[in-house]
Each structure stands twice: as structure tokens, then as C-alpha cells.
1. Using +1 at the Cβ of each Lys and Arg and -1 at the Cβ of each Asp and Glu in the protein assembly as shown, identify which of A:Leu400, A:Gly449, A:Gly385 lies farthest towards the dipole's positive end.
2. Would you order B:Trp170, B:Trp44, B:Trp19 from fewest to most other beta-carbon atoms within 10 Å of each residue's own beta-carbon?
3. So what is log10(I(q)/I(0)) for region A:200-299 at q = 0.20 1/Å, when the Debye sum runs over its Cα atoms only?
4. Mind sorting A:Lys266, A:Lys417 by how few other Cβ atoms lie within 10 Å of their own Cβ, fewest first?
5. For region A:232-365, what is the largest minus smallest coordinate of the Cα atoms on each principal axis, given in angstrom and ordered from greatest to least?
6. For each pair in A:Lys362/A:Lys417; A:Lys169/B:Lys80; A:Lys169/A:Lys235, compute the distance between the two Cα atoms and list the pairs where it is over 19 Å.
7. Exposure proxy check: B:Asp6, B:Asp169, A:Asp88, B:Asp78 ranked by fewest other beta carbons within 10 Å?
8. Can you quote the Å³ per residue value for the convex hull of the Cα atoms in region A:1-132, rounded to an integer?
Amino acid sequence: MMPLQALAVTETTPGGSLLVLGIVMPAVALVALIGLGGRGARAIVIAALLFQLYVAVRVALLVAGTQSPLAYVVGGFHPPLGITLRADGISALMMVVSAAIFLAAAGFAWKDFAQPGGKPEARAPLIFWSAMLAMASALNLLFTSSDLFNLYVGIELLTFAAIPVTAIKGGADTLRAALRYLLFAVFGSMLYLFGIVLLYGAYGTLDISGIAAQLQPNAATLAAAGFVTVGLLAKTALFPFHLWLPPAHAGAPAAGSAVLSALVVKGSLFLLMRLWFDTFPTLREPADMQLLALSGALAVIVGSVTALRQQRLKLLVAYSTVAQIGYMFFVFSLAPKGTGEAIAATAWTGAWLQVVAHAFAKAGMFLAAGLAAEVLGHDRIRDLGGLSRRAPLAVLAFALSGLSLMGLPPSGGFNAKFMLLVAALAGGQWVWGAVIIAGGVLAGAYVFGVLARMMAEPAAGASLQAVGRGRQWIALGLSAVAVLMGLLPLEPVAFLAIGRAL
Amino acid sequence: METGFDIALALLLLCVGGWSVIARNMMTAVIVFIAYGLLLSLAWVRLHAIDVSLTEAAIGSGATGLLMVIAAHKVAGDTKRVVQLSRGFHVLAAVFAALVAVGIAALAFVLPGEPSSLAAPVLERLPDSGLGNPVAGVLFVFRSFDTLLEKVVLLLALIGVWALARDADWGGVPGLRLFRERHSVLTLLARTLPPIGFVFAIYMTWAGADVPGGAFQGGTVLAAMWILVMVAGVRRPPRISSPPLRLAIVAGPVVFLAIGFLGFLAPGAFLAYPEGFAKPLIVAMETALTLSIAVILGLLIAGPPKGEDAP
């Protein structure tokens with residue numbers, strides 16, 4: 001058990017500048033992209049994303065090697081005046097996951113978003129690649145910043161990068177979805193900002209460890225925690241704030257949907273977990289945490305049942321995201337303060353495995369759904385027949401992702417849900433255990449429903465387009481990672497506890 | 001005397017705010033909202049937050065108001081697309097807004113009596129940077145990382161507005177055409193005011209190091225001049241693919257990033273300034289930022305590129 005002060009960043013550690021580069025280099029690439037007017041756009045993006053992966057892997061190796069977090073004092077100004085960056089085990093994990101999925105999505109979108117050679121800059125490529133770079137930068141900021149206002153800037157950057165992606169296709173429906181996303185997101189931002197204003201007023205600092213060290217359960221702090229939480233829930237699309245997600249995620253191009261569902265909603269979730277477990281750990285009253293878990297349970301049930309009733313494949317996959325986000329909220333109730341540390345560690349690992357397994361599974365599934373739409377020219381679930389002939393690897397990717405979403409062994413989804421289940425039963429919270437099992441059954445129903453259609457004979461008169469193998473392999477690769485995570489031993493992962501106060 | 005002024009201002013704010021909510025004509029509501037923003041900036045002056053006041057007047061009242069005027073102008077007389085809200089709905093909105101206000105006011109009282117703030121340490125360490133304005137110190141010294149990333153957010157906001165264009169119109173001219181006919185008064189203003197505004201903007205940016213002002217305020221004044229010229233039809237907005245325009249958009253972030261990386265070399269941390277060079281570097285940064293902010297704000301208001309014949 002480390003004291004709370006262990007969260008404080010005192011000095012820059014060796015390799016700490018990697019944290020700055022992870023945030024700033026995508027911004028450098030973004031400026032080049034806009035300044036050069038589309039010339040060499042894809043080369044700039046791929047270089048930036050490869051560098052991003054290098055940075056993430058270096059950070060993870062350094063954290064694992066030293067068994068302690070990396071830290072950076074920006075500009076040499078210490079809190080409370082200045083801003084610090086800090087990467088612990090979960091930060092490093094999420095940086096690697098994010099970099100890998102961005103690269104895969106960029107590879108998938110390589111052909112669709114090529115700038116036409118010798119012609120003037122085109123609209124979709126500039127918007128798509130700019131947004132990808134900005135999202136990559138914003139996520140790294142959310143994973144590493146220790147300053148509440150700096151994190152607000154990260155949330156804003158993530159939002160303003162994600163919304164154009166949902167509007168790329170144009171047309172009234174996608175614009176309406178993008179506008180709805182904007183309204184929910186701005187509502188969330190305002191609540192978050194209001195909450196941190198209260199915290200600054202109460203504690204005179206925006207530094208997470210500075211607030212944690214002097215935390216009092218007074219009215220201002222409780223109100224602030226409430227505002228910040230509701231604001232972040234709106235961005236994470238937890239039930240009942242999920243209404244914006246399905247049309248927005250389903251309306252984006254496939255590679256964009258993959259990044260939005262796999263990573264973007266996890267940015268605000270990451271911050272929420274960081275706040276409740278590292279900043280306000282002593283405020284975690286069981287009743288409030290049960291409320292978060294209840295919202296999660298309702299998300300699992302409502303999201304899965306709604307997914308079952310969808311006629312369009314991309315909307316089904318989007319509603320499945322609503323459901324899968326719900327599981328992650330059980331950790332708030334399953335890892336309470338003061339109970340057996342083994343249970344808490346099991347729930348903690350289960351929740352992060354769920355975050356990562358869902359990221360890979362959902363990215364693979366959205367890419368597979370995008371390929372299905374390309375082969376068939378539509379994404380009506382009823383008429384998916386013939387897909388297994390034209391794009392067998394995409395169907396396999398969908399199936400493997402489905403395996404992890406259902407939580408069948410061997411898969412990362414199974415490990416995650418099993419560990420959450422074990423923690424629920426060990427803590428006597430069998431209701432959440434029942435929801436975890438019910439959610440798996442419902443996911444099985446919608447995944448097998450789609451797979452059966454994909455395996456069916458093509459409808460008479462359907463014209464099927466061919467799609468390349470390369471992009472099918474990318475989808476399959478992502479799904480395979482979700483499944484391979486099932487080979488991990490079913491026990492708490494020590495890496496996830498590096499640098500934590502618990 | 002001062003208390004009397006404050007009470008009168010607060011009452012006036014309430015009345016004007018209420019008027020904006022219950023006004024039935026959209027254009028009336030927008031104009032009253034602009035007036036409301038200007039009164040609010042006065043309130044900020046009374047709270048000794050001059051920088052906030054300038055921003056409120058420029059962005060909260062000016063830029064937001066202009067966007068609302070454009071929106072109201074676009075749908076004026078269009079009874080099919082504009083939903084007429086009932087009187088009851090307006091009252092409901094007013095009640096909701098009042099509840100939010102009461103809630104916020106109540107929270108002000110739950111904070112500890114002695115406000116905790118970093119004002120003292122900021123003032124104590126400000127002289128090291130050579131700056132005199134503590135707000136500039138926070139924005140460009142202690143928390144310049146936030147400021148840098150906010151500029152990236154501004155780029156993304158522009159990309160978001162441009163994303164609303166049709167594929168075929170990409171690279172073209174923004175669709176801001178408020179006044180199709182020549183309007184003598186507006187034209188006169190658009191020809192005479194910009195030189196004065198230009199000098200004023202430069203002054204605000206330059207003075208921002210020591211007194212309220214700075215790149216954002218200066219950039220906003222420049223943007224206002226540019227918008228006036230565009231709205232009056234004296235000069236058309238440039239094509240969004242124009243290389244000089246793109247350079248102007250990224251100039252601020254490029255200089256900011258470059259100075260940030262310079263910090264790695266000396267004195268050894270990102271966004272740290274070499275001893276004795278803080279002020280000149282910050283002024284260079286602010287100059288480039290003024291240009292970029294002016295161009296981006298102007299383009300945000302000018303809207304997505306639009307073909308000539310598009311409705």
C-alpha cells in the first residue's frame with residue numbers, strides 16, 4: 001500500500017519526455033497536414049502513428065522495467081502552478097492499445113482516404129486524417145495528464161476531433177447524429193468544467209495528487225464529484241446518456257467507427273476511473289457506487305436487447321458498444337474501499353481487461369461490418385447472405401470478436417467477465433453476477449443471429465462486390481488479439497497496479 | 001455609489017436576460033442576447049477580471065451573437081423549417097434557467113469562506129518571466145501547455161466547420177453572403193474602420209504582456225475587422241485551399257510548437273524558456289498566434305465552403 005503522496009510528481013523521470021512526445025508529435029503532424037494542403041497526407045499520418053506506437057511501447061517497457069511510473073514536469077513548473085504528466089501501469093497499457101488500434105484503422109482506411117494524385121485536396125481525406133491525429137494526441141493526454149484543467153483540454157480535443165468523423169459522410173441523417181453528439185458532449189464538458197472550478201475553489205489546485213492529499217468530504221467536493229461524474233458519463237455514453245452513440249458511431253466510415261467505439265468512449269471512462277480510484281478514493285460511498293453499477297447493469301440489458309432488435313448491422317454493433325460499456329462500471333461497486341484487497345484487485349483487472357478486450361473486439365467487428373457493407377452495398381441484417389463466400393475472413397473476424405463480446409472462452413472478454421463475476425460472487429453482489437451472465441446470453445443471441453445470416457445463401461439477384469484480402473486481415477488481426485488475450489492467466493495483473501495508491 | 005451601480009447592473013442583467021428568453025421574434029431575441037453579453041462584460045470589469053471581460057465581449061457577445069444573427073437570417077420567414085415554440089415553453093425555459101442560476105449561486109456559498117487561489121504564487125514568480133500581466137503569465141508561462149493544446153482544439157473546430165461542406169465545394173470560398181446588395185453605411189464602415197482596428201489589435205497584442213490584452217483579444221479584434229469586410233462584401237473570403245491562408249492558420253501553432261521544442265535544448269524541458277529570453281519568445285509566439293487566431297475566428301464565422309449556385 002503506497003501513501004497518497006506517491007501519486008505526486010516531484011521530478012521528471014528518465015524517459016519522461018516520451019510522454020510529451022506522445023501528445024505533441026501528433027499535433028506536429030496535424031499542423032503539417034493542414035499547412036501542406038493535403039500533400040503527402042498519408043505519409044505524414046503513418047509516420048506519426050508509427051512513432052506513436054514506438055513511444056507507447058517504450059513507455060510500457062520503462063514502466064515495466066522500473067516498476068514505477070514515468071513522470072514529466074512540463075516547462076519545469078511544478079504543481080500547483082504548473083502541469084505534470086505521469087504514466088502508471090494503466091496509462092502505459094492504454095497508450096499501447098490506442099497506438100495499435102490507430103495504426104490498424106489507418107491501414108484499413110489507407111485506400112478509402114487517399115488524396116487523389118495531381119488533383120486539388122479532397123474533403124474527406126483531410127477531415128479524416130486530421131481527426132485521427134487529434135484523437136491520438138488527445139487520448140495520450142487523457143491517459144497521462146495529472147492536471148484537471150489540462151485533462152479538460154484533452155476532453156475537448158477528443159470531442160472536437162470525434163464529431164467531424166461522424167459527419168464525414170454528409171447528408172441530413174449523419175449531420176443530425178453529429179449535432180446530437182455535439183450537444184451531449186458539450187453538456188458533458190460544461191458539467192466537468194463546472195465541477196473542476198468548484199474543486200479549484202475548494203483546494204486551490206488542479207493537480208490530482210494535490211487534491212487527493214487534502215480531500216475533505218464537504219459539500220463543495222461532493223457537488224464537484226457529482227458534476228464531473230455526470231459530465232464524463234455523458235461523454236462515455238453510459239445508460240441513460242447513450243442516446244447519441246448509436247447513430248453517431250453507425251454513421252461514421254468503418255475505420256472511424258472502429259476508433260470511436262474502441263477508444264474514444266474509453267478516454268472519458270479512463271478519466272472517470274482515474275478520478276474515483278485515485279483522486280476521490282475516500283469519497284466512494286457504497287450507495288453511490290451501486291448507482292453507477294446499476295446504470296452499468298441497465299446499459300448491459302437495454303443495450304443488448306436493443307442490439308437484438310436492430311435491422312442494420314452497424315447500428316447493432318453500435319448498440320453492442322452501449323452494452324459492453326456497462327460491464328466496465330461494475331468495478332465501481334466491486335472494488336469498494338476497505339474490503340479484501342484480493343477481490344478489489346480481481347475486479348480492477350477484470351474491468352481493464354474488459355476495456356482492452358472490447359477495444360480490440362469492437363474495432364475488428366466494426367471493420368468487418370464495414371467490409372460487409374462494401375461487399376453487399378447495404379448493411380441490412382436480413383440480407384447478409386453470401387458474405388461468407390465473398391469475404392470469409394471478415395466473417396471470421398466478426399465471429400471471433402463476437403466470441404469475446406459474449407464472453408466465451410478462450411477470449412479476453414471471457415477473462416474480463418469471469419473475473420468481474422468472481423469478484424461479484426465473492427463480494428456477495430450476486431445481482432451484478434446475474435447481469436453479467438444475462439448480458440453474455442443476449443450478446444450470444446445477436447452475434448449468432450448475424451453469423452447465421454452471413455453464412456446463408458445469397459439472396460436471388462444480389463450483386464456482391466469483391467473486397468481485398470488486406471483489409472480483411474486487418475479486421476481479423478484485431479479480433480484475434482481480443483481472443484488471444486484469453487490465454488492470459490486468470491489472476492490480477494501486477495502491471496495494472498504499478499504506480500497506484502491502492 | 002459603487003454598490004448602487006452593481007445592484008442596478010445586476011437587475012439590468014436579469015431583465016435583459018429574461019427579455020432574451022421570452023422574446024417571440026428570433027431576431028429580437030438575438031439582438032437582446034448580444035446586449036446581454038455586453039452588460040455581462042461590464043459585470044466582469046466590476047469583478048476586476050478585465051481579460052475575462054474582453055473575452056466575454058468579443059466571443060460571448062460578438063462572435064456568438066454574429067453566428068446567431070447569421071442563423072436567424074438564414075431561417076427568417078421560413079415557416080416550414082422553423083418550429084414556433086409556445087409561450088409555455090419559453091416560460092419553462094426561463095424557469096429552468098432560473099433554477100440553474102439559483103443552483104450555481106447556492107454552490108458559491110458551499111465553498112470555503114476564504115477563497116483558495118494561486119494568485120499569490122503567480123504574482124511572486126511572475127517577474128522571472130519578465131511579464132507584467134499575471135493572466136499572460138498563466139497562459140504563456142506556467143500553463144502554456146494548456147494554451148498550446150487549446151490552439152490545436154481551435155484547428156479542429158475549423159476542421160469541424162469545414163466538414164459541413166459538400167465534397168464538390170471543398171477548397172472553395174466560404175459561404176458567408178449576408179448582404180447581397182451594396183449597403184452604403186456598411187461599406188463605408190468596412191473601408192474606414194479596419195485601419196484603426198488593425199492598429200488597435202497590434203496594440204492589444206503588444207500590451208498584453210504587461211496589462212490586460214494579448215494574442216486572443218488582439219486576434220479577435222483583427223477577426224472582427226475581417227468579418228466586417230467580408231459581410232459588407234468589400235472583399236470576398238479567400239478560397240479555403242489557398243496556400244497563404246493555410247500558412248496563416250498554422251503559423252501560431254507552428255511557432256508555439258517550435259518554441260516548445262526549443263525548451264528541450266535549453267534549459268532542458270518542453271515549453272521552458274531559456275533564462276532571460278522568456279519575454280521575447282513569448283512576444284514572438286503571441287504575434288504569430290494573433291494572426292492565426294484572427295484568421296481561424298474569421299473562417300469559423302464565414303462558414304463551410306459553398307458553391308456559387310448552392311442554395
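1. In the protein assembly as shown, that residue is A:Gly385.
2. Values: B:Trp170 21, B:Trp44 18, B:Trp19 15.
Fewest to most other Cβ atoms nearby, the residues stand as B:Trp19, B:Trp44, B:Trp170.
3. The Cα Debye sum returns log10 ratios of -1.02.
4. Working: A:Lys266 24, A:Lys417 29.
The most exposed by this proxy come first: A:Lys266, A:Lys417.
5. Per principal axis, max minus min of the Cα coordinates gives 46, 23, 22 Å.
6. Details: A:Lys362/A:Lys417 16 Å; A:Lys169/B:Lys80 26 Å; A:Lys169/A:Lys235 22 Å.
Where the Cα-Cα span goes over 19 Å, the pairs concerned are A:Lys169/B:Lys80; A:Lys169/A:Lys235.
7. Details: B:Asp6 13, B:Asp169 20, A:Asp88 25, B:Asp78 8.
With the sparsest Cβ surroundings first, the list reads B:Asp78, B:Asp6, B:Asp169, A:Asp88.
8. Numbers: hull volume 14.9 nm³, N = 132.
In region A:1-132, the Cα hull volume divided by residue count equals 113 Å³.
Computed from the coordinates by the stated procedures, all read-outs in this text should not be read as laboratory data. Quick caveat, the model's predicted, so the values are computed rather than measured. We place every Cβ from the backbone using ideal geometry, glycine too, and count neighbours over all the protein chains shown.
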